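Step one of this worksheet: look at the structure below.
Each reported figure results from applying straightforward, stated rules to the coordinates on display, with no laboratory input. Remember, it's a predicted structure, so these values are computed and weren't measured experimentally. All Cβ positions, glycine included, derive from the backbone under ideal geometry; neighbour counts span all protein chains shown.
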Amino acid sequence: MNDIEIQVIFESKGQPDRQQIQLWVDAALADFEQDTEIVVRIVDEQESAELNQQYRHKSGPTNILSFPVDLPVGVELNLLGDLVVCAPVLEKEAQEQGKLLAHHWAHIVVHGMLHLLGYDHIDESDAELMESKEIAILNKLNINNPYSEAT
């Protein structure tokens, strides 16, 4: 089983509980061969913006930041990395996009997990691969394609 530490720095209505987050993380890691440890930190816009500026050199908050662990050679830990989720940004996006909040949370957590596993969307072919993985994982959770207009 994958071990998740959840740090709730910001609370709002509609946030997922531990079981929901565990379900989404496990779904994203279904093809991953070993159990792992992950930190999920739920933050406000200020902390998200500060981290986004510090680590990505981009201003403003973002929905999720992924921090894969880069362990020194010879250090054997099952720590995969940290996800920092900005709840207010997720809530705003879900409303603007007409998506169920829980489905948007699931999508963003799965998206972040794929980043921790090494997937990216910098170029078009990588983006297509990552999006197809997200769609397949969410489909197993009975969540519609987040990239289609009607979700």
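Below are the figures for this structure:
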{"item": "Average Cα contact separation per residue, the chain, under 8 Å, 6 or more apart, as relative contact order %", "result": "23"}
{"item": "Taking the convex hull of Cα positions in region 5-70, its mean projected area over all directions (nm²)", "result": "5.4"}
{"item": "Highest-MSF residue in the chain out of PRO16, PRO61, PRO88 [GNM, Cα springs under 10 Å]", "result": "PRO16"}
{"item": "Relative packing of 71-78, 105-112, which averages over residues the other C-beta atoms within 10 Å, highest first", "result": "105-112, 71-78"}
{"item": "SER132 paired with TYR147, simple spin-label distance in nm, labels 7 Å along Cα-to-beta-carbon", "result": "1.0"}
{"item": "Estimated FRET transfer efficiency when R0 is 30 angstrom, pair LYS92-GLU5 (beta carbons, to 0.05)", "result": "0.70"}
{"item": "Alpha carbon centroid spacing (whole Å) that separates region 83-151 from region 43-63", "result": "19"}
{"item": "Longest to shortest principal axis, alpha-carbon extents of the chain, angstrom", "result": "47, 34, 33"}
{"item": "Semi-axis lengths (Å, descending) of the ellipsoid that matches the C-alpha gyration tensor of region 65-151", "result": "26, 15, 11"}
